[in-house]
Amino acid sequence: MKHLISLSALALLAACQTVQAPADPAETVSETVTVTMPEDTAVPVPPVMPTPPATQQWLYGSAEARIALVQDWNEIAAYIEAKAATPPNASVVLAPGATADAPDFLACGDKPLAAVFDADETLIWNLGVTAYFDRTGQSFDPKIWDNWEKTGAGTAVAMPGVENAFQRIRNAGVEIIVNTNRDNSNHAGTADTLKAAGLGEFAYQQTLFLKGDAPGGSGKDGRRYLISDNYCIIALAGDQLGDIADIFNDRALSPPERKALSAAPAFDQMWGNGWFILPNPVYGPSIAGTLDEVFPADSYWEPSIQDE
Ligand SMILES: [Mg+2]
């Protein structure tokens, strides 16, 4: 019996039974030949790996995302360098009870300057665990994620632009502090992960704060206040609004209301001016909204041509 099989597929099968197919096996077929094989030879079919969701393709795989992040981190570094040259009187941490109508920021005194960053999808991309979920076809599992926080060092990578920005920020004499919602029982694994990604040493409850280190659960204001006891925070950056202020985390807010709150004049003037948000279309509270919430009624349109 004759079989049609590609040279590249034959080479793969001969080389290793456990080889994994690429996302699109068709990409490897460069030439087709006719070969004779025994009737009883079962040709194993390598598993076809799933294609990552479009959001992951964009964030983790595209040139466009890399460029956007390099631009963002260059902007963050330049802002911090300028602020370090002329330290402000007020930090960029919203004071307790402050609102869009009555904004207030913590005073700095003569405290040393710090920049406070979220970790996941702000400083590091969690490639190892994300690819694991994709390969195994499962959705987010908190038990697996907890294990990732403990053991993921080495397969979480520094996001584009971060290492260069960190060098500039440190050269400007500004302390880099991480405020993450990873669990504080996993502080050692998180510090290992940041270090393995090339981002430097972080000391627990000095330059690394995690969920559980202050009241408020996954709200980060308590930790921002704690850090502000010792530092003047001149920049906050993250991939979610909660990395900036808990006031944006009100679950009663619809996506349009949350968007409008971010655009209130007192807050709007902070974006790029001490507050920085990085793109993350993969997960988080930004991934929400009905058709009506995402597309305003006045954007309704229908084609003027007839279906054939
Ligand atoms: Mg994050």
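Computed 3J(HN,Hα) for segment 130-140, one whole-Hz value per residue from the Karplus formula 6.51 cos²θ - 1.76 cosθ + 1.60 where θ = phi - 60°, is 5, 5, 4, 4, 5, 4, 8, x, 9, 8, 3, glycine and proline marked x. Here the extension length gained between residue 292 and residue 306 equals 2.5 nm, from 0.36 nm per residue of separation less the Cα-Cα distance. Fewest Cβ neighbours within 10 Å first, please rank 270, 49, 159 accordingly. Final ranking by Cβ density, sparse to dense: 49, 270, 159. In order along segment 191-201, phi translates into HN-Hα couplings of 4, 4, 5, 5, 5, 5, 7, x, 9, x, 8 Hz, rounded to whole numbers, per the Karplus curve 6.51 cos²θ - 1.76 cosθ + 1.60 with θ = phi - 60° and x for Gly and Pro. Starting from one equal scatterer on each C-alpha and no solvent at all, send me the Debye-based log10 I(q)/I(0) for segment 54-292 at q = 0.08, 0.11, 0.14 Å⁻¹, two decimals. Debye curve over Cα of segment 54-292, log10 I(q)/I(0) at q = 0.08, 0.11, 0.14 Å⁻¹: -0.28, -0.55, -0.93. Which trypsin sites (Lys or Arg not before Pro) from segment 182-255 combine a DSSP loop assignment with at most 15 other Cβ atoms within 10 Å? Loop-located and lightly packed - 251. Relative to the current alpha-carbon distance between residue 185 and residue 95, full extension at 0.36 nm per residue lengthens the span by 29.6 nm.
Of all DSSP bridge pairs formed entirely within the chain, close to 35 percent run antiparallel. With Cα atoms defining each centre, segment 135-204 and segment 260-308 are spaced 29 Å apart in the structure. With the simple model of a label 7 Å out from the Cα in the direction of the Cβ, residue 102 to residue 196 spans 4.8 nm.
The HN-Hα couplings worked out from phi for segment 169-180 by the Karplus form 6.51 cos²θ - 1.76 cosθ + 1.60 (θ = phi - 60°) are 5, 5, 5, 7, x, 9, 6, 9, 10, 9, 10, 10 Hz, whole numbers, x standing for Gly and Pro. Close lysine pairs were tallied over the chain: pairs 8 or more places apart or on different chains with Cα atoms under 23 Å apart number 11.
Read-outs: derived from the displayed coordinates by stated rules, not from any lab. Here the structure is a predicted model, which means the values were calculated and not measured. Backbone-built Cβ (ideal geometry, glycine too); neighbour counts: all protein chains shown.
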